[in-house]
Amino acid sequence: MAKSKSVLPNKGKVDIDRDILLSIINLATKEISGVDSLTNNYMPLIKRAMKPKSEGVKIKFENNNTVSIDIYIIVKIGYSVPDVAFRVQENVKNSLSSMVGLKPAKINIHVYDVAVDNEGA
């Protein structure tokens, strides 16, 4: 099982698999209109090959039982980048809160590229 951690004060300890968090974050990100895809292109090729499940997402567990998340996306042309980034942050925060009771300390959105639609060319 991948590294995971979540503690609920006065209610015991709950372990959540890192792959579950990756899936929730991935789905919550792709639900937002304007997001073309998540990307691992910021990583060196060797690391991309070693971590295929972490498509465009980095999760860091902090000492104070919080989590910091970095999401790397490609935005579709014609969409407001700040608006898309804000909506991704909100959707990821709400999804993690409702599905696993986790409130992230930080959700950083990195816009790696803009996807251009080539259908008319």
Counting just the residues of the stretch 57-81 that are free of Cβ contacts under 8 Å to residues at least 40 places away in the same chain and within 21 Å of Asn41 (Cα to Cα), which one comes out surrounded by the most Cβ atoms within 10 Å (Cβ to Cβ)? Val57
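When the stretch 1-36 is examined, which residues are found to be among the small types (Gly, Ala, Ser), modelled with pLDDT of 90 or more and either touching a Ser or Thr at 6+ places or on another chain (Cβ under 6 Å) or surrounded by 13 or more Cβ atoms within 10 Å (Cβ to Cβ) (or both)?
To start, the set of residues in the stretch 1-36 that are among the small types (Gly, Ala, Ser) comprises 2, 4, 6, 12, 23, 28, 33-34.
Those still in the list that are modelled with pLDDT of 90 or more too: 23, 28, 33-34.
Scanning the stretch 1-36 gives Ser23, Ala28, Gly34.
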Within the stretch 96-108, how many residues turn out to be modelled with pLDDT of 95 or more and either β-branched (Val, Ile, Thr) or surrounded by 15 or more Cβ atoms within 10 Å (Cβ to Cβ) (or both)? 1
Single residue of the stretch 54-113 satisfying the filter (within 20 Å of Ile16 (Cβ to Cβ), in a helix (DSSP H, G or I) and among the β-branched types (Val, Ile, Thr)) that is farthest from the chain's Cα centre (by Cα): Val100
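The values are calculated or read from the model by the stated rules, or taken from the named source; none is laboratory data. The model shown is predicted, which means the values in this text are computed figures rather than measured ones. As a convention, Cβ positions derive from the backbone with ideal geometry for all residues, glycine included, and neighbour counts pool all protein chains shown.
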